[in-house]
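Single-structure report; data block below.
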Amino acid sequence: MTQWWKDAVVYQIYPRSFNDTTGNGIGDIKGITEKLPYLNRLGIDVIWLSPVYQSPNDDNGYDISDYHAIMDDFGTMDDFHEMLNVADQFNIKIMMDLVVNHTSDEHKWFIESKSSKNNPYRDYYIWKDPKPNGEPPTNWGAHFGGSTWEYDEQTEQYYLHLFSKKQPDLNWENESLRRDIYDMMLFWLDKGVAGFRMDVINMISKDPEYPDGELQATGFGDGAPFYLNGPKVHDYLQEMNREVLSKHETITVGEMPGANVEQAKLYTGKDRDELDMVFHFEHVGLGEGELGKFSPEEWRLTELKEIFSSWQKGLDQVGWNSLYWSNHDQPRAISRFGDERERYRVKSGKMLATCLHMLKGTPYIFQGEELGMTNVRFDSIQDYRDLETLNAYDDLLSRKLLTENEMMEAIYQRGRDNARTPMHWSNDKNGGFTEGTPWIPVNPNYTTINADLVLDQPDSIFYYYQKLIQLRKEHEIIVEGTYEDLLKDHESLFCYKRVYKEQELVVLCNFTDNRVEFELPESIELTEEPLITNDSTPIIQSDQTYQLEPYQASVYLIQ
Ligand code: TEU
């Protein structure tokens, strides 16, 4: 199998918020097809398509009720085939989002399973008797609030749901279930999709003992040690690889909350025959207090660098890294790691892009990142849509763990809807996203941040991303070079070096709004013009002293 994805760049589309062609206020597949020339111009190779399967949208498509049908809101299977064909003309591959840790409670399997203890589909899900005192089988807390167990009066048992109660967990111990999942994957691969992003795939094997977890501030137990990276997860992934993935030239990335570098070596190791890469959460988890993302705290650049360095070194010559700042679950990159003040928004966005795209691994661009989109501050909770946010708002306020102002600030800083406000295509109403009423309000700053504007500006962030993508194609060192952190303890600069054959690539990024003077090892001589920079201010001061302007990023190729 060729590892073609090693020099690929992936663009994530959250279809609901990408482009609406029907006027119903919801993005659709025809809207994606319409924008493929735009994505071709950017130069990306693969689209990671968040779920487009039939769903009641309790969790915006991450609750699937029919894996073989397209969600009504998004269009038809013919629309999907058309999108595949047009993408193929641009040599853009489509990676589907595979959500197989759980289904919707409206999936026919669950309707059958719930109907009786003797139903053939009963064991497709995880049912347990109450504890002798009638309480749920374990004290685990669900990701979207409450217990991970929901009681069914009819069959007098609880079923497990690590997320919402409308997302019952599948029982991967059941071989027939696994066979159905593999058949479904082949159904999509046989259509010509290129692979899968696998939703919380390291949750599919649970500790068969189902023990209680350590009590947390939420009042529930922490079940994560008993459902993350469980006892059979590698058996299942190796079986999936044998039965499905090995039959196609696929790209696979496993979303793995709570996975560390050592575990990632097992999931992505060359001789492991499991997955190509993983999404870890260590960097996006920085600055989380005892209430997690809803108690955001300051983070230090040295912490961020330590995480990136450990993953760069840990997987080098062993596995492969995915590289991302944001996705549909995370705040916007510029707001989270850069500086969204208008004076620095674009420049810090280009700096973040430089820092990420010059690393070893496959970069992922989340829709709108190439426009310099930012978080949104809605004044009313009524404008938010994400069940994670709405449940947390009700729960944390009712338990007086946060005031409303603290909660609204936390939502503004870390809420998932920051990434889910519609794409800004133009200065037209609703940013050109829809002629109708958008399912979620558009960020009011679409008038100054939109595709029309960046496509008209030669020095825009769009063309900066375009150049970064191009450089990856032109310079093998970016794909294959080793990684070495420079200035490890510097609190303002993220500087590193890539080495490959006779070349060195030196990447210098200022993560602050201050001008910073610094020195580099004598072995490094930055005499060339930068390969790419977001600020043409010369950085050389004297023989070994340099300076970077606020949010300046510069890359030097030393032959
Ligand atoms: O997210 C998994 C996951 O862990 C997220 O819940 C993440 O921890 C949280 O959003 C951060 O606040 C995946 C999907 O990406 C997410 O959209 C789904 O809601 C979730 O699984 C359930 O399918």
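The values are calculated or read from the model by the stated rules, or taken from the named source; none is laboratory data. Computed from a prediction, not measured in an experiment: that's the story for all the values here. Neighbour counts run over all protein chains shown; Cβ positions are idealised from the backbone, glycine included.
Tabulated values for the structure
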read-out: Residues (of a type in the set (Asp, Glu) and either touching an Asp or Glu at 6+ places or on another chain (Cβ under 6 Å) or closer than 15 Å to Asn19 by Cα (or both)) located in region 417-470; value: Asp417, Asp428, Glu435, Asp452
read-out: Residues located in region 444-495, provided they are closer than 26 Å to Thr362 by Cβ and of a type in the set (Gly, Ala, Ser); value: Ala451, Ser460, Gly481
read-out: Test for Ile365: is it away from the ligand (no atom under 16 Å from the Cβ), within 30 Å of Leu396 (Cβ to Cβ), aliphatic (A, V, I, L, M) and under 20 Å from the mean Cα position of the chain (by Cα); value: no
read-out: Residue match in region 521-528 (condition: charged (D, E, K, R) and in contact with a Phe, Trp or Tyr (Cβ under 6 Å, 6 or more places away or on another chain)); value: yes
read-out: Number of the condition not met by Val318 [criteria: (1) within 26 Å of Pro225 (Cα to Cα); (2) within 16 Å of the ligand (Cβ to nearest atom)]; value: (2)
read-out: Subset of region 323-338 (residues that are within 10 Å of the chain's Cα centre (by Cα) and part of a loop (DSSP other than H, G, I, E, B)); value: Tyr324, Trp325, Ser326, Asn327, His328, Asp329, Gln330
read-out: Meets criteria (under 20 Å from the mean Cα position of the chain (by Cα) and without any contact (Cβ under 8 Å) to a residue 24 or more places away in the chain) for Leu315; value: no
read-out: Filter pass, Lys165 being under 25 Å from Arg242 (Cα atoms), assigned to a loop (DSSP other than H, G, I, E, B) and in contact (Cβ under 8 Å) with a residue 60 or more places away in the chain; value: no
read-out: Subset of region 95-140 [more than 14 Å from Leu177 (Cα to Cα) and surrounded by 22 or more Cβ atoms within 10 Å (Cβ to Cβ)]; value: Met95, Met96, Asp97, Leu98, Ser104, Asp105, Thr138, Trp140
read-out: Members of region 444-488 that are of a type in the set (Val, Ile, Thr) and either in a loop (DSSP other than H, G, I, E, B) or in contact with a Lys or Arg (Cβ under 8 Å, 6 or more places away or on another chain) (or both); value: Thr448, Ile449, Ile461, Ile477, Ile478, Val479, Thr482
read-out: Hits in region 154-173 (condition: under 17 Å from Ile201 (Cα atoms) and either among the basic types (Lys, Arg) or within 13 Å of the ligand (Cβ to nearest atom) (or both)); value: His161, Leu162, Phe163, Ser164, Gln167, Pro168, Asp169, Leu170
read-out: Region 410-428 - residue that is within 16 Å of Ser326 (Cα to Cα) and touching a Gly at 6+ places or on another chain (Cβ under 7 Å) and, of those, surrounded by the fewest Cβ atoms within 10 Å (Cβ to Cβ); value: Met423
read-out: Filter result for Tyr151 (away from the ligand (no atom under 16 Å from the Cβ), crowded, with 21+ Cβ neighbours inside 10 Å and not in a loop (DSSP other than H, G, I, E, B)); value: no
read-out: Which listed residue, of Ala87, Ala69, is at negative phi and surrounded by fewer than 16 Cβ atoms within 10 Å (Cβ to Cβ); value: Ala69
read-out: Criterion: in contact with a Leu (Cβ under 7 Å, 6 or more places away or on another chain), farther than 25 Å from Pro15 by Cα and among the charged types (D, E, K, R) - qualifying residue of Glu370, Glu303, Glu288, Glu297; value: Glu303
read-out: Residue match in region 345-360 (condition: crowded, with 22+ Cβ neighbours inside 10 Å and within 16 Å of the ligand (Cβ to nearest atom)); value: no
read-out: Pair list, Cβ under 9 Å, 6 or more apart: region 23-52 residue in contact (Cβ under 8 Å) with a residue 60 or more places away in the chain and within 17 Å of Glu435 (Cβ to Cβ), other residue among the aromatic types (Phe, Trp, Tyr) and assigned to a helix (DSSP H, G or I); value: Ile26/Phe74; Gly27/Phe74
read-out: Any hit, region 156-174, residues being among the small types (Gly, Ala, Ser), at pLDDT 95 or above and within 30 Å of Tyr11 (Cβ to Cβ); value: yes
read-out: Criterion (out of contact with any helix residue (DSSP H, G or I) (no Cβ under 8 Å at 6 or more places or on another chain), away from the ligand (no atom under 16 Å from the Cβ) and assigned to a helix (DSSP H, G or I)) met by exactly one of Lys114, Lys131; value: Lys114
read-out: Some residue of region 183-191 being more than 22 Å from Glu262 (Cα to Cα), in a loop (DSSP other than H, G, I, E, B) and of a type outside the set (D, E, K, R); value: no
read-out: Breaking point among (1) within 16 Å of the ligand (Cβ to nearest atom); (2) over 24 Å from Pro296 (Cβ atoms), for Asn418; value: (2)
read-out: Failed condition for Ile204, given (1) within 18 Å of His102 (Cα to Cα); (2) away from the ligand (no atom under 14 Å from the Cβ); (3) in contact with a Phe, Trp or Tyr (Cβ under 8 Å, 6 or more places away or on another chain); value: (2)
